[in-house]
1. Of all strands (runs of 3 or more DSSP E) completely enclosed by the range 139-190, which ones contain at least 3 residues that are among the β-branched types (Val, Ile, Thr) and at pLDDT 75 or above?
2. Say whether the condition of being closer than 29 Å to Thr328 by Cα and in contact with a Ser or Thr (Cβ under 6 Å, 6 or more places away or on another chain) is met by at least one residue in the range 462-474.
3. Which condition does Asp462 not pass, out of (1) of a type outside the set (Val, Ile, Thr); (2) closer than 22 Å to Ile416 by Cβ; (3) at pLDDT below 95, if it passes all the others?
4. Considering only residues that are modelled with pLDDT under 70, surrounded by 10 or more Cβ atoms within 10 Å (Cβ to Cβ) and either in the same structural domain as Ile149 (by TED's automatic domain parsing) or of a type in the set (A, V, I, L, M) (or both), which ones fall in the range 191-228?
5. Please go through the range 333-371 and pick out each residue that is in a strand (DSSP E or B) and farther than 25 Å from Gly439 by Cα.
6. Of everything in the range 495-532, what is basic (Lys, Arg) and surrounded by 18 or more Cβ atoms within 10 Å (Cβ to Cβ)? Give them in sequence order.
Amino acid sequence: MPTTIRLKKSGATGNAPSNSSLQFGELALNYADGVLYFKNAANQIQQISGTSANTFETINANGSLLIADSNVDILSIAAGSGIHITANTFDDSFTIAARLNDTVTSTDVTQIATANAINAVYTIATTAYNKANAPITIREVYAGNSTVINTFSNISTIQFDADSGMAVVDESNNTVTVQLNSTFKYWNVNGNPGLEATGLDTVNFIPGSGITISANNSASPKSITISANSVGASTIVSNRFVANGACTQYTITNASTTDATFVYIDGVSQKPTVDYQVSGTTLTFNVAPLSNTTIEVRGIKDIALVNVSSINSQTFTGNSSCTQFTLTGSYYSSNGLFVFVDGVTQVPTTDYSVSGSILTFVNPPEANGVIEVRSIENIQVGTQANTIGQNSTTISVTDSGYSFNANGFSTSTDAINRNYLLRGTTTSNTETELFLFNGNRIPVSTNTTIFYTADIVARRTDATNESAGFYIKGVVDDFSGTVADVGDLYEIVVAEDDATLLVDARADNTNNTINIYVTGANGKTIRWTALVKTIEVAQ
């Protein structure tokens, strides 16, 4: 009877025996896959494929036939120029790719293994070219908040406007530099923030009272000229009228105030307020002048504002012998005074002269004669009038110097700059204080801090070739009425022929002032002048 041999078997696709389920020489069959399994000497499961295992005996490589010589023949795939091959033994696959960083010559091109590699290189090059030549989008934004103002699409050319301050510089090597020529975005007026340009903004220069502004667009560089209107003989305006015995009001050509107007009837000076008043261009007498008398009116023109206190009046009484009278201020010229004796105008030089604070008459005024002296002491020019941009400016001029401010924190005087001129003479080595022209010192206001600098010059007048120059700066403050120095005084000896000369500056709590001191030399007459500049901030 024939013997039936049965093999271990399975009808499940992909099912294979483990190495522990087969003995050496024992077979297992997967009749679903057509695969016969056995265990080799290395204790590994091997398979023998049936008719469903497909392979290529011959491979056509670009027209060349590669034929397997046996079932153990090996097909080797080599990488040509510009080609990179990687094998993955995990999933039995390999990858052919173009090596883009290699230099490709005309000879190498003929050796590229596949058309896919050539196509890959072409695709990358085409993409790079298209990106380089693609139109761009430009956005106009505010740098402060990145707000987009305008958007421009499909732009292929960018231009820079030279007239707006742009410049393009060729740096060679296919490089250009775009430059923005210098402009001013922020304008500070007298050290305070004033104007800020936004985009293509415009600055308007507005002339205030007594100021003229002109622009020259054709000059190189273009220029703006700011000038103060001249103040000279033309600033005194005179009007004459003939009285009719009834009229009390007359219209004058220059708007003024009572104390800034001089009125005469037949040469006799009239008293402000007592005899007349002035409001704008209207002159009003308290009593109508007599018929056929001549009325002369003189006023100050082209000065923006003259305070009531600007006209100073001093009165003396003659005794028929005294020719000299002492004034409260000092004056350089007789023409700076208006002098009347019993209301009659005196003529400068002919009737009187002035030197410093001494008024001298050629002939002594009669006993009990009323002597009146009027002078313009302080003129405050252009209050809230001289305007540049949006800021108002005040310049105050006195016989001691001038002050300047351009608005303040809360008032017009809590941020201010002042200049003072002081003078004095030494004849010994005793420390001597310099004073302003009117005998005053530099004031320190309550709750104010002052930074000051002083340029001091000295010259010996009783001999030649002896001079000196000094520079000092310091800080003083007033807190609730107490004036004191802040820190140390900074001093530079600029030049001196006599090394014994000294200068100093100190806070004066008694007088609430800044005092300037100098020390001369024995037997030498030395004149001293100091220009003191202050920057002040008040609480």
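The values are calculated or read from the model by the stated rules, or taken from the named source; none is laboratory data. In this text, all values refer to a predicted model and were calculated from it rather than measured experimentally. Note: ideal-geometry Cβ built from the backbone for every residue, glycine included; neighbour counts use all protein chains shown.
1. Working: elements: 148-155, 166-172, 175-180, 186-189.
Result: 148-155, 175-180.
2. In the first step, residues of the range 462-474 are kept if they are closer than 29 Å to Thr328 by Cα; the result is none.
No, the range 462-474 contains no residue that is closer than 29 Å to Thr328 by Cα and in contact with a Ser or Thr (Cβ under 6 Å, 6 or more places away or on another chain).
3. Only one criterion in (1) of a type outside the set (Val, Ile, Thr); (2) closer than 22 Å to Ile416 by Cβ; (3) at pLDDT below 95 is unmet by Asp462, namely (2).
4. Within the range 191-228, just Ala228 meets the criteria.
5. Those that are in a strand (DSSP E or B) and farther than 25 Å from Gly439 by Cα: Phe340, Val341, Val344, Thr345, Pro348, Val370.
6. Within the range 495-532, just Lys524 meets the criteria.
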